[in-house]
1. Determine whether THR41 is open to solvent by less than 10 Å² (accessible area, probe 1.4 Å) and among the polar types (S, T, N, Q).
2. Which pairs do you get when a residue that is on the phi > 0 side of the Ramachandran plot and surrounded by fewer than 22 Cβ atoms within 10 Å (Cβ to Cβ), found in region 50-78, comes within reach of a residue that is modelled with pLDDT under 95 and assigned to a loop (DSSP other than H, G, I, E, B), reach meaning Cβ atoms under 8 angstrom, with the pair 6+ apart or on two chains?
3. Are any of the residues in region 193-205 within 15 Å of the ligand (Cβ to nearest atom), in a strand (DSSP E or B) and open to solvent by less than 20 Å² (accessible area, probe 1.4 Å)?
4. Which number in (1) within 15 Å of the ligand (Cβ to nearest atom); (2) open to solvent by less than 60 Å² (accessible area, probe 1.4 Å) marks the one condition that LYS94 misses?
5. Output the number of residues of region 1-12 satisfying the condition of being open to solvent by 30 Å² or more (accessible area, probe 1.4 Å), in contact (Cβ under 8 Å) with a residue 40 or more places away in the chain and more than 10 Å from the ligand (Cβ to nearest atom).
6. What are the residues in region 108-141 that are buried (at least 19 other Cβ atoms within 10 Å of the Cβ) and small (Gly, Ala, Ser), if any?
7. Give the number of residues within region 46-83 that are among the charged types (D, E, K, R), under 14 Å from ASP8 (Cβ atoms) and part of a loop (DSSP other than H, G, I, E, B).
8. What do you reckon, is ALA176 away from the ligand (no atom under 16 Å from the Cβ), at pLDDT 95 or above and either over 19 Å from THR41 (Cα atoms) or in a strand (DSSP E or B) (or both)?
Amino acid sequence: MLLGVNIDHVATLRNARGGVEPDVLTAARICKECKVASITTHLREDRRHIKDEDVEAIRMLPRVRLNLEMAMTDEMQAIALKLRPHAVCIVPEKRQELTTEGGLDVAGQVDRAIEFVKPLIEKKIEVSFFIDPDLQQISAVSKTGAPFIELHTGRYSEAYGTIDEEKAFADLKGAALFAQNFGLKVNAGHGLNYQNVHRMHEIPHLVELNIGHSIIARSIFVGLEQAVKEMKALVEERGK
Ligand code: PXP
């Protein structure tokens, strides 16, 4: 499995003081030196953490694979078409939420989703939809032409270590297998941390995990390089 590191919260900290520290591009460079598979940023409508100029600067870094998370809006589609990131992950977005709270409802807007991804796919951007482990949503994505889904691991992460863990994990694994039967490639993320990430190895053929909060939180104590390397080792464990 590959690790994509979400560096949004470096920008959250920077924006708390409105200055330039900590520098998002330095964070991206450290992740690159650690040879992560991608650097992920979520350009939110309200630009509360990552800003347009951050994404543009990361995009310009050589040999960095940028995974741009964004809402299914005309504004974001235009930005993606101009920027041409390597990958786009389409996420739901509510202004008041602290973080992305649930998966996108693709089943309720399949026609819109097909129309939205078409020009992105034509530009050879790898498109994924961030969805809950829900079979109806997976069948809907399979109609859009997007090659990837990213499964929302939030429920599993919250249930980890409780009596609800097995059910949440079984839902995730079942959803991944169901999606793979449709020929979809499967990424996963949200709420994964150093304790709960190991069970992702029990799900066959996951491509990439996108992890942000736990890595940036740990980096405060051990430094970003060390925090990324530790997570990368857990995600890439050979032979699993
Ligand atoms: N994947 C997606 C689509 C997300 O929206 C987020 C949160 O921005 C993540 C992964 C990473 O979640 P976390 O910060 O909890 O690791």
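The values are calculated or read from the model by the stated rules, or taken from the named source; none is laboratory data. Values in this document were obtained by computation on a predicted structure and should not be read as measured data. Here the Cβ is made from the backbone with ideal geometry for all residues, glycine too, and neighbour counts use every protein chain on show. These accessible areas exclude ligands, DNA and RNA; they are computed on the full protein's heavy atoms, side chains included. Shrake-Rupley method; radii C 1.70, N 1.55, O 1.52, S 1.80 Å.
1. Against the criterion (open to solvent by less than 10 Å² (accessible area, probe 1.4 Å) and among the polar types (S, T, N, Q)), THR41 qualifies.
2. Close Cβ pairs (under 8 Å, with a partner that is modelled with pLDDT under 95 and assigned to a loop (DSSP other than H, G, I, E, B)) do not exist here.
3. Looking through region 193-205, none of the residues is within 15 Å of the ligand (Cβ to nearest atom), in a strand (DSSP E or B) and open to solvent by less than 20 Å² (accessible area, probe 1.4 Å).
4. (2) is the only condition that LYS94 fails.
5. Residues meeting the conditions: 2.
6. ALA113, SER128, ALA140
7. Within region 46-83, residues that are among the charged types (D, E, K, R), under 14 Å from ASP8 (Cβ atoms) and part of a loop (DSSP other than H, G, I, E, B) number 4.
8. Numbers: away from the ligand (no atom under 16 Å from the Cβ): no; at pLDDT 95 or above: yes; either over 19 Å from THR41 (Cα atoms) or in a strand (DSSP E or B) (or both): yes.
No: the conditions fail for ALA176.
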